[in-house]
Structure formats: C-alpha cells, structure tokens
Amino acid sequence: MLQGFKEFISRGNAIDLAVGVVIGAAFSGVVTALVDKFINPLIGALFGEPNFDSVGAFKLNGATIQPGAILTALVSFLLVALALYLFIVMPMNKLAERRAAGIAEEPKAPAEDIMLLTEIRDLLRESNAPRL
C-alpha cells in the first residue's frame, strides 16, 4: 500500500495538481485585491455605492429581501472574468502564439560558405563513386 501511494505521489499529475492548488490560493489574493481595491471603488464612484445590494430591496414580514445582491454578484463575476481575460488569458495567448510562430518559422537559406562546402562534398562523392 505504501509503495503504491509513493508511486502515486511521485507521478507528475499529483505534483502538478498540488502546485496548481497552491498557485490558485495565492492568486485568489490578487483577484480579491483587484475586486476590493479597484473594481468596487470604481462601481462606487460611478453609482454612489460599491455594490448593488440595496437596489430593489424591500421588506417582507420583517425580513429584508435584496435582489440587488444577485446583481452585485453577477457584476463582480463578469468584471473579474473580464479582468482575468484581459490581464492573464490574452497575454498568455499572445505569448503562446509568438512561441508557436518562432517554432514554425521556415529555416533560412544556408549561408554562402555552407552552400560552397556542400557543393564540394557532393563533387567529392561523385569523384569517389565507383564507376560501372
């Protein structure tokens, strides 16, 4: 049992997953700061409040119903998704495109001295080839 567990842990998938979880946890601080310190103050500057919780709020038998909280969550999700797309996904896609373009480049024509050496090699082969 321990040997199987050791093999499982030493496989790349488990290590990659662990690294992904740790990076994700660290990245959540960046996303939280982006939302709390940039996006919400922007919403507050534009609409007077940092969220839409009080929009459409009403009381029913002493309980406060806030449909605006759903709107706040939806807007926050869309803004975070947009920020992630603009600042993470697009640059990574551009980087991947540049890497792929660098790999897929056609080889340049050989230099003149290489071509000359190739011709000499071919001539030597012809002169040393057995004649029938």
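Bear in mind these aren't lab numbers, they're just calculated from the coordinates by the rules spelled out. Just so it is clear, the structure is predicted and the values come from calculations on it, not from any experiment. Every residue, glycine among them, receives a Cβ derived from its backbone with ideal geometry; neighbour counts consider all protein chains shown.
Listing for the model above:
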{"read-out": "18 Å Cα-Cα reach of Lys6 towards aspartates and glutamates, excluding residues that sit fewer than 8 places from it in its own chain", "value": "Asp16"}
{"read-out": "For the chain, calculated [θ]222 nm from helices alone, where every DSSP H run of n ≥ 4 adds -39500 (n - 2.57)", "value": "-21500 deg cm²/dmol"}
{"read-out": "Within straight-line cross-link reach of Lys37, aspartates and glutamates at Cα separation under 19 Å, skipping those fewer than 8 residues along the same chain", "value": "Glu49, Asp53"}
{"read-out": "Calculated Rg/Rh (Cα atoms, Kirkwood Rh) (choose from (i) 1.42; (ii) 0.99; (iii) 1.21), label", "value": "(i)"}
{"read-out": "Neighbour cut-off at most 10 other Cβ (10 Å), DSSP loop, trypsin sites (Lys or Arg not before Pro), the range 62-132", "value": "Lys108, Arg131"}
{"read-out": "Nearest-0.05 FRET efficiency for Val89 and Ala45, computed from C-beta distance (R0 25 Å)", "value": "0.40"}
